[in-house]
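Working notes for the structure below.
The values are calculated or read from the model by the stated rules, or taken from the named source; none is laboratory data. It should be emphasised that the depicted structure is a prediction, and the values quoted were computed from it without experimental measurement. Cβ placement follows ideal geometry from the backbone for every residue including glycine, while neighbour counts extend to all protein chains displayed. Protein only, heavy atoms only, side chains kept; ligands, DNA and RNA dropped before computing areas. Shrake-Rupley method; radii C 1.70, N 1.55, O 1.52, S 1.80 Å.
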Amino acid sequence: MHLQRFENGTVDVIRLPQRLTMADAATYRHEIRDLVDEGHTHLVMEMGDVQFVDSSGLSVLVSAIKAARSAGGEVVLSGLTPQVQALVELTRLHHLFEIFADEQSAVLFLDSRAAA
Amino acid sequence: MKQLLLINLKPDNIPRAADWIESICRSEGLPEMDSYQVKTCVVEAINNAVEHAYGFGKGTINIGLWKEGRQMMIEISNDNENSQSVDFAQDAEPVPESERGRGWLIIKSWVDDAVMKRRGGRTVVRLTKRIPI
């Protein structure tokens, strides 16, 4: 399964699937790194459809932000369900990522960062 | 009554097993968030076996669920007694930028008790989750 991506000005929105788990983690990690290598360095991870994430899925997010930051970009999260939000906070990832309630707010934030 | 599931480690089977576990937890009276937490912990235990017992290769996992008083008991076992052992009492605080090391923190935090032991040539992880009154 491939990630869905939408360009929104200087920002790319990646709509993550219902499950973000070990089964697809390696594939997604490579897809996102390839995207960053192609110059798409400001990414919104839209997680409104994500119903389940495991620690391998979280590692995809960490890998993405490390790749983006090393290329001068940034990754933010949006649309987390209460369950996913709880997991992100438990694993302290809310200290690593800016988190937004919706995709539009996340895009606006990153767009201003990309323009700066 | 103890309910048992034997899963072959194919990519689609772990999510199915996880949904089965969540469904049983809900039917036994665990609230939605607690059931989600148990499901997540079971997936983490299975992932650990996939990586450390089977090296991402073929294998089977046994899952047993039963109710003991006001507790849900869940056992996840594999047939490799050389699986990596885990000290659940250790400090498992992750480094935010680390891509690894969150699985056991999740288990340690989201169930009331977690024990790993060797039994009859198998590695068994037993999880306990209290059912709120």
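Points to keep in mind about this one:
- Residue in segment A:76-99 that is away from chain B (no Cβ under 14 Å), more than 28 Å from B:N47 (Cα to Cα) and modelled with pLDDT of 95 or more present: no
- Any strands (runs of 3 or more DSSP E) falling wholly within segment B:39-125 and containing at least 2 residues that are closer than 15 Å to B:L6 by Cα and modelled with pLDDT of 80 or more: B:60-68, B:71-78
- Of all residues making up segment B:47-68, the number that are within 17 Å of B:A18 (Cα to Cα) and either within 9 Å of another protein chain (Cβ to nearest Cβ) or out of contact with any strand residue (DSSP E or B) (no Cβ under 8 Å at 6 or more places or on another chain) (or both): 2
- Reported count of residues in segment B:1-19, each being touching a strand residue (DSSP E or B) at 6+ places or on another chain (Cβ under 8 Å) and open to solvent by less than 70 Å² (accessible area, probe 1.4 Å), is 9.
- Residues that are within 12 Å of another protein chain (Cβ to nearest Cβ) and among the small types (G, A, S) within segment B:18-44 comprise B:A18, B:S35, listed in sequence order.
- The C-beta contact set for segment A:92-115 (first residue under 16 Å from A:E7 (Cβ atoms), second residue assigned to a helix (DSSP H, G or I) and at pLDDT below 95, distance under 9 angstrom, 6+ apart or interchain) is empty.
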